[in-house]
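What follows is a single structure, written as structure tokens, with notes after it.
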């Protein structure tokens with residue numbers, strides 16, 4: 001006579017259902033964490049590329065700005081030398097030599113010098129002491145260097161922002177690695193309470209990683 005099989009008692013079915021749910025939850029958490037880890041790593045690499053490009057542009061532009069600033073300093077030095085020679089001729093009351101230096105002034109400085117002389121600086125105490133203090137005294141290279149320096153600073157700030165974003169995505173991968181670890185090791189333990197605890201920790205880590213991701217810009 002065949003033995004009759006009895007249905008499992010509620011006490012025996014409850015651990016089985018708990019084991020099934022923890023296995024299912026663990027599998028879902030592992031899948032989500034693995035997918036988000038790959039995506040966060042990809043985003044970190046993209047931001048690393050943007051950082052490198054921005055820093056490279058900043059260095060290139062700053063090099064050009066430095067070259068223009070050096071050239072501006074050379075031009076100003078030449079203007080000051082010619083003006084010093086002109087002052088010596090003026091003090092010696094050598095008009096021919098004064099005219100010679102004035103004719104050999106740089107075009108932009110010649111105009112400024114003429115405007116300065118029109119103010120009668122030798123008699124007018126309110127006039128600028130030298131033509132270099134005149135608003136019209138400008139060196140194109142100096143302004144170009146200033147513009148390029150501002151552009152280089154902007155590129156550098158972009159690089160810093162990209163670096164912060166990359167670090168943020170790397171931080172997320174570390175958090176999600178915790179979810180993968182606890183979710184994976186939770187499948188090994190057979191003690192229900194330990195298994196549930198590890199799956200809960202994995203779930204919390206995964207949710208924390210998702211929250212961190214939502215606060216990061218997508219490249």
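Computed values, structure above
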read-out	value
Near pairs, Cβ below 7 angstrom, 6+ apart or cross-chain, from the range 57-86 (in a helix (DSSP H, G or I)) to any residue that is exposed (fewer than 14 other Cβ atoms within 10 Å of the Cβ)	82/104
Residue 216 being buried (at least 16 other Cβ atoms within 10 Å of the Cβ) and either in contact (Cβ under 8 Å) with a residue 60 or more places away in the chain or farther than 22 Å from residue 30 by Cα (or both)	yes
Residue within the range 149-161 that is more than 24 Å from residue 49 (Cβ to Cβ) and touching a helix residue (DSSP H, G or I) at 6+ places or on another chain (Cβ under 8 Å) present	yes
Residue in the range 53-63 that is out of contact with any strand residue (DSSP E or B) (no Cβ under 9 Å at 6 or more places or on another chain), closer than 30 Å to residue 216 by Cα and loosely packed, with under 13 Cβ neighbours inside 10 Å present	yes
All positions within the range 91-105 that are surrounded by 12 or more Cβ atoms within 10 Å (Cβ to Cβ), within 49 Å of the chain's Cα centre (by Cα) and assigned to a loop (DSSP other than H, G, I, E, B)	105
Residue check, residue 31 within 29 Å of the chain's Cα centre (by Cα) and either surrounded by 12 or more Cβ atoms within 10 Å (Cβ to Cβ) or within 30 Å of residue 191 (Cβ to Cβ) (or both)	no
The lone exception for residue 193 - which of (1) under 23 Å from residue 106 (Cβ atoms); (2) exposed (fewer than 15 other Cβ atoms within 10 Å of the Cβ) it fails	(1)
Residues within the range 124-147 that are touching a helix residue (DSSP H, G or I) at 6+ places or on another chain (Cβ under 6 Å) and within 20 Å of residue 69 (Cβ to Cβ), tallied	6
Selected residue [within 30 Å of residue 59 (Cβ to Cβ) and at pLDDT below 95] from 149, 161, 142	142
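The values are calculated or read from the model by the stated rules, or taken from the named source; none is laboratory data. These figures come from a predicted structure and were not determined experimentally. Every residue, glycine as well, gets a Cβ built from its backbone with ideal geometry; the counts of neighbours run over all protein chains shown.
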